[in-house]
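Written below as structure tokens is the structure these notes are about.
The values are calculated or read from the model by the stated rules, or taken from the named source; none is laboratory data. Predicted model only: the values in this text are computed from it and were never measured. For neighbour counting, all protein chains shown are included, and Cβ atoms are generated from backbone atoms with ideal geometry for every residue, glycine included.
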């Protein structure tokens with residue numbers, strides 16, 4: 001009985017406080033080795049056989065674990081828990097493991113939508129986690145003045161270091177300053193003609209495709225975004241557009257993203273799984289490939305501007321070379337992943353709406369013809385003058401944000417005030433973008449695709465701060481302007497070059513209903529026909 005009590009006390013005085021997700025491997029090893037370790041002192045204290053000592057050690061550990069987990073489960077469903085007032089799926093309240101099971105079909109954002117539909121704006125999605133779509137919470141949680149920090153989820157890449165995984169705000173701001181030159185106005189201007197050249201290569205490929213057969217734009221936009229990121233990120237593309245196929249190493253990236261879609265809701269479990277030899281071997285291959293990209297760029301002199309130059313400059317001036325190398329490798333990985341997958345999904349959904357309703361194509365063409373009037377149509381003109389094009393893109397990102405399940409933040413010890421609610425300290429807050437952007441408290445007719453809500457019908461935007469496909473505040477996406485520039489240039493060129501429609505038998509339903517939540521979208525196919533315009 002006393003070992004059962006010790007298990008209960010260890011929960012009350014230790015495991016109930018602070019973060020322990022980084023120690024999962026340690027505790028697993030300890031519990032596996034304990035019977036063997038404890039056998040020695042037991043044999044010295046008791047006159048029993050080795051087998052008897054081993055059985056007793058296992059019995060002691062079992063009673064301890066039963067006490068520990070009984071205390072954990074009872075506390076999580078009891079009125080003593082600091083989140084007991086908030087409703088949510090009962091099993092999720094007991095353990096995030098149940099949410100992982102429910103996400104096994106990669107439908108995390110839809111599960112969150114169902115939970116909010118049933119329980120309201122505040123949903124308890126874990127023992128110490130709330131998913132919140134109350135618009136009053138947006139600035140309190142995500143603004144630059146918010147004291148909330150990134151949650152434990154961002155530690156999952158440990159020991160890799162990267163701007164995306166940095167939880168400390170001061171350290172994050174320092175790293176953001178390192179990245180900033182790569183996304184300056186001048187740098188974006190340098191990237192523009194190179195992006196245009198990749199679009200031209202894609203247009204050449206589309207012209208070669210049989211007209212009625214159609215092309216899977218989910219794949220081709222993925223080729224495009226990776227080629228662009230190779231170019232503006234590391235000074236040379238990956239030639240995926242020319243070859244018409246993806247790099248083999250990207251299969252490993254995709255497998256890792258799938259794991260995030262299921263086990264990412266349980267950081268300690270995800271970290272343990274990625275230490276399994278076969279899984280860690282694949283992960284290490286991708287990390288080494290990313291490392292090779294940045295090292296190749298570091299050893300290569302180039303006259304073109306790229307994002308890696310800013311990272312390499314910081315590395316060369318670093319005093320702690322080992323630490324700086326960790327940053328360099330980790331950031332190269334983020335540069336490749338964040339700069340490609342997310343944008344490919346946004347482009348795919350954009351062209352779904354163009355094919356579904358040609359009125360958007362006609363409106364964009366009419367606007368572009370009025371803007372050009374004999375002048376060169378560049379990215380700056382598109383940003384400042386193409387109101388409908390920008391509204392169209394904004395509406396695409398509202399309905400299909402690149403990260404559908406959103407981001408996680410953690411309250412400080414003093415808690416957080418949201419309207420009349422006082423949230424306790426040391427809890428995780430999830431802001432599910434896909435659900436938030438469909439809230440009738442934030443947007444009128446939230447499920448309808450209406451670009452005019454961002455121009456001539458502002459009454460349809462009830463809470464503008466709730467629009468956050470790139471996040472808000474200190475942790476907002478640093479590549480936002482680059483992504484928007486790529487979308488403007490791509491849509492403009494293809495709309496002016498082609499008539500766009502669904503291929504035979506395609507209606508886009510598969511894209512909308514079967515795309516997966518892998519943190520970013522794991523896109524289902526979308527077959528479109530690009531017919532050269534008759535002018």
Worksheet item: Would a scan of segment 342-363 turn up a residue that is within 29 Å of the chain's Cα centre (by Cα), at pLDDT below 90 and part of a helix (DSSP H, G or I)?
Response: yes
Discussion item. Can you find a residue that is surrounded by fewer than 21 Cβ atoms within 10 Å (Cβ to Cβ), in the same structural domain as residue 455 (by TED's automatic domain parsing) and either farther than 30 Å from residue 92 by Cα or in contact (Cβ under 8 Å) with a residue 12 or more places away in the chain (or both) anywhere in segment 394-402?
Written reply: yes
Worksheet item: Picking from 484, 494, which residue would you name as being in contact (Cβ under 8 Å) with a residue 24 or more places away in the chain and in contact with a strand residue (DSSP E or B) (Cβ under 8 Å, 6 or more places away or on another chain)?
Response: 494
Fill in: Of residues in segment 303-313 being touching a residue at least 40 places away in the same chain (Cβ under 8 Å) and outside any helix (DSSP H, G or I), the one farthest from the chain's Cα centre (by Cα)
304
Worksheet item: Among (1) buried (at least 20 other Cβ atoms within 10 Å of the Cβ); (2) at pLDDT below 95; (3) over 22 Å from the mean Cα position of the chain (by Cα), which single condition is residue 166 missing?
Response: (3)
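I'd like to know if segment 425-445 contains one or more residues that are closer than 30 Å to residue 202 by Cβ, under 17 Å from the mean Cα position of the chain (by Cα) and surrounded by fewer than 19 Cβ atoms within 10 Å (Cβ to Cβ).
Start the filter on segment 425-445 by keeping residues that are closer than 30 Å to residue 202 by Cβ, which leaves 433-434, 437.
Imposing the further condition that a residue be under 17 Å from the mean Cα position of the chain (by Cα) reduces the set to 433-434, 437.
Now restrict to residues that are surrounded by fewer than 19 Cβ atoms within 10 Å (Cβ to Cβ): none.
Looking for residues that are closer than 30 Å to residue 202 by Cβ, under 17 Å from the mean Cα position of the chain (by Cα) and surrounded by fewer than 19 Cβ atoms within 10 Å (Cβ to Cβ), one finds none in segment 425-445, hence no.
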Fill in: Subset of segment 86-125 (residues that are more than 17 Å from residue 261 (Cβ to Cβ), buried (at least 21 other Cβ atoms within 10 Å of the Cβ) and in contact with a helix residue (DSSP H, G or I) (Cβ under 7 Å, 6 or more places away or on another chain))
88, 93, 116, 123, 124
Discussion item. Among the residues that make up segment 375-386, is at least one of them in contact (Cβ under 8 Å) with a residue 60 or more places away in the chain, part of a helix (DSSP H, G or I) and crowded, with 18+ Cβ neighbours inside 10 Å?
Written reply: yes
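To keep it simple, each residue is scored yes or no on (1) in contact with a helix residue (DSSP H, G or I) (Cβ under 7 Å, 6 or more places away or on another chain); (2) part of a helix (DSSP H, G or I); (3) surrounded by 15 or more Cβ atoms within 10 Å (Cβ to Cβ).
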site: 449; (1), (2), (3): yes, no, yes
site: 453; (1), (2), (3): yes, yes, yes
site: 490; (1), (2), (3): yes, yes, yes
site: 496; (1), (2), (3): yes, yes, yes
site: 507; (1), (2), (3): no, no, no
site: 513; (1), (2), (3): no, yes, no
site: 524; (1), (2), (3): yes, no, yes
site: 528; (1), (2), (3): yes, no, yes
site: 534; (1), (2), (3): no, no, no
Practice prompt. Scan segment 68-85 and give yes if some residue there is outside any helix (DSSP H, G or I), in contact with a helix residue (DSSP H, G or I) (Cβ under 9 Å, 6 or more places away or on another chain) and touching a residue at least 40 places away in the same chain (Cβ under 8 Å), otherwise no.
Written response: yes
Item to complete: Please specify each residue of segment 121-140 satisfying the condition of being closer than 26 Å to residue 15 by Cβ and either outside any loop (DSSP other than H, G, I, E, B) or in the same structural domain as residue 286 (by TED's automatic domain parsing) (or both).
Response: 122, 123, 124, 125, 126, 129, 130, 131, 132
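Considering 300, 288, 316, 275, which residue is more than 19 Å from the chain's Cα centre (by Cα), in the same structural domain as residue 175 (by TED's automatic domain parsing) and over 20 Å from residue 161 (Cβ atoms)?
When all the criteria are applied, what remains is 300.
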Worksheet item: Restricting attention to segment 387-402, which residues are over 18 Å from residue 369 (Cα atoms) and assigned to a helix (DSSP H, G or I)?
Response: 393, 394, 395, 396, 397, 398, 399
Worksheet item: Residues in segment 150-161: is at least one in a helix (DSSP H, G or I) and over 30 Å from residue 224 (Cβ atoms)?
Response: yes
Fill in: residue 486 more than 23 Å from the chain's Cα centre (by Cα) and buried (at least 18 other Cβ atoms within 10 Å of the Cβ)
no
Worksheet item: Which condition does residue 219 not pass, out of (1) under 21 Å from the mean Cα position of the chain (by Cα); (2) crowded, with 23+ Cβ neighbours inside 10 Å, if it passes all the others?
Response: (2)
Worksheet entry | From the options 321, 258, residue that is touching a strand residue (DSSP E or B) at 6+ places or on another chain (Cβ under 8 Å), at pLDDT below 90, surrounded by fewer than 21 Cβ atoms within 10 Å (Cβ to Cβ) and in the same structural domain as residue 182 (by TED's automatic domain parsing) | 258
